[in-house]
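Here the structure is laid out as structure tokens; the discussion comes afterwards.
The values are calculated or read from the model by the stated rules, or taken from the named source; none is laboratory data. Because the structure is a prediction, the values reported are computed rather than measured. Cβ placement follows ideal geometry from the backbone for every residue including glycine, while neighbour counts extend to all protein chains displayed. Ligands, DNA and RNA are excluded from the accessible area calculation, which covers all protein heavy atoms including side chains. Shrake-Rupley method; radii C 1.70, N 1.55, O 1.52, S 1.80 Å.
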Amino acid sequence: MPKGPGAFEQLMPFVFIFVIFYFLLIRPQQKRAKTHQDFLTKMKRGDSVLTSGGILGTIEGLTDQFATLEIANNVRIRILRAQIVSPANTAEESKK
């Protein structure tokens, strides 16, 4: 009577799929999140930034949770720091 595959052999395809997902999806996302967090901690007054809503502005003030951006002469908005996506010069270079 033929024997079926063992438990180890049955689990191998699932392990293989998880390894592929880890290297193609999970790991790159973790790296992206880490570089974004590093960028947010290194921001300073005077930096030009792009928000997730597409607003370009210059940082005028920072707190632990909020950033004040000047988007035009004497026009300032207060947003969450996490909503800042990238430096403005990086956003302009990616359009080219």
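Before moving on, here are some points about what is shown:
- Scanning the range 42-65 for residues that are surrounded by fewer than 11 Cβ atoms within 10 Å (Cβ to Cβ) and among the acidic types (Asp, Glu) returns a single hit, ASP64.
- Subset of the range 71-83 [open to solvent by 40 Å² or more (accessible area, probe 1.4 Å) and free of Cβ contacts under 8 Å to residues at least 40 places away in the same chain]: ILE71, ALA72, ASN73, ASN74, VAL75, ARG76, ILE77, ARG78, LEU80, GLN83
- In the range 1-36, the residues that are open to solvent by less than 100 Å² (accessible area, probe 1.4 Å) and closer than 30 Å to PHE66 by Cβ: PRO28, GLN29, ALA33, THR35, HIS36
- THR68 being hydroxyl-bearing (Ser, Thr, Tyr), at pLDDT 95 or above, open to solvent by less than 80 Å² (accessible area, probe 1.4 Å) and within 21 Å of ALA88 (Cβ to Cβ): yes
- Of the residues making up the range 1-58, those that are under 30 Å from ASN73 (Cβ atoms), part of a loop (DSSP other than H, G, I, E, B) and not hydroxyl-bearing (Ser, Thr, Tyr) are MET43, LYS44, ARG45, GLY46, ASP47, GLY53, GLY54, ILE55.
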